[in-house]
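Below is one structure, written out as structure tokens, with a few remarks after it.
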Amino acid sequence: MKSMIRAALIVIVLVIVPVAEAAQPGNHKSSSSEPNTIAAEGLPGGSIASELDIPYAGTRNPMQRLDLFLPKDHRAVKLPVIVFFHGGGWMSGDKADGAQRLTPFVRTGQYAGVSVNYRLSREAKWPAQLDDIKAAIRWVRENATKYGFDPDHIGVWGPSAGGHLALMLGVTGDVPERVESGSRRDMSSKVAAVANFFGVTDMPALLLEPCETDHSGADAPEALLIGGPIGENTEKAKSASPTTFVTAGDPPVLTVHGDADPKVPYDQAVLLDAALREAGVPRYFVTVKGGGHGDFGTAADDRVKAFFDRYLRGETVRISTETITDW
């Protein structure tokens, strides 16, 4: 069985490489009325239609664009949408990273996928990143009829910095909107489900948790995001911490975190889970035994699929929170 899975993954990677390359900085393909088609021979679900580099904030800034992936033939049903935010410490990364994560979901014919660029910390400080991703969600809602999206079932997913941003979207859905990026002021940026892979959840707590990465200095990723060291900017750090905003009524959260993470301490996931539990928010906390700060393979992605199938498609499926030991 494992050999079959590995073979399928290899085929998937080979299929989507052209898409990822097309979306790299400096090599952007403009969107048009004729979407690109990604061949998917030998895989279930048929081919995928894609539109790359779609502006979502009404600007020409390449960091405020998204890539869209759709099943080629889907018009008969409204599709729930999975929106992916890349990692990179808020300093680097690109929406091209989302293609490999999203296309297996889209290829089933049951989901649309959106991968989002957002302004990085060298260009703009917090909360510009949150403004951008909220604008991207509003874009999804505004274009629901055009593309066949289900605007009531939008899930968000990301690793590391992307996980942090996905969480911030989820827990600030009941906070009055800041409409600094894009328009559509009448559109909500609320989401229905959040999948967080090892994202920062409580910035001030980083200074108290043992970690191989120094989070206290002026050159720490968090400091570059908020505009100064955490210890000297406590209120700003709290404003960028998902645990600050957790309340009853927040969307369900799936958290996957390695207990040997050298960059974002495992305790960050523990703190988040405790806050969600206290607020009564549905939550699923998955530990990866010996896992660091990176990819946990199909075992973790299977948990994500079950999570989104349940909360975006309404399927009666079990979401396992058992520790992942084989990855």
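Write out, first by first residue and then by second, each pair whose Cβ atoms fall under 7 Å of each other, whose residues are 6+ apart or on separate chains, and whose first residue, in the range 136-149, is over 13 Å from Arg185 (Cα atoms) and at pLDDT 95 or above while the second is of a type in the set (A, V, I, L, M, F, W, C) and in a helix (DSSP H, G or I).
Phe149/Val140
Going by the structure shown, is Gly182 at pLDDT below 95, in a loop (DSSP other than H, G, I, E, B), touching a helix residue (DSSP H, G or I) at 6+ places or on another chain (Cβ under 8 Å) and surrounded by 21 or more Cβ atoms within 10 Å (Cβ to Cβ)?
The answer is yes for Gly182.
Across the range 199-236, what is the number of residues that are touching a Lys or Arg at 6+ places or on another chain (Cβ under 8 Å) and either buried (at least 24 other Cβ atoms within 10 Å of the Cβ) or touching a residue at least 12 places away in the same chain (Cβ under 8 Å) (or both)?
9
Would you mind telling me which numbered condition in (1) at pLDDT below 95; (2) of a type outside the set (Asp, Glu); (3) outside any loop (DSSP other than H, G, I, E, B) Leu206 fails?
Failing condition for Leu206: (1).
Which of the residues that make up the range 241-300 are in a loop (DSSP other than H, G, I, E, B) and of a type in the set (S, T, N, Q)?
Ser241, Thr247
Restricting to the range 120-149, name every residue that is surrounded by fewer than 21 Cβ atoms within 10 Å (Cβ to Cβ) and basic (Lys, Arg).
Once the filter is applied, which keeps residues that are surrounded by fewer than 21 Cβ atoms within 10 Å (Cβ to Cβ) and basic (Lys, Arg), the range 120-149 yields Arg122, Lys125, Arg141, Lys146.
The values are calculated or read from the model by the stated rules, or taken from the named source; none is laboratory data. Note that the structure is a prediction, hence the values are computed from the model and not measured. No Cβ is skipped: glycine too gets one built from the backbone with ideal geometry, and neighbour counts run over all protein chains shown.
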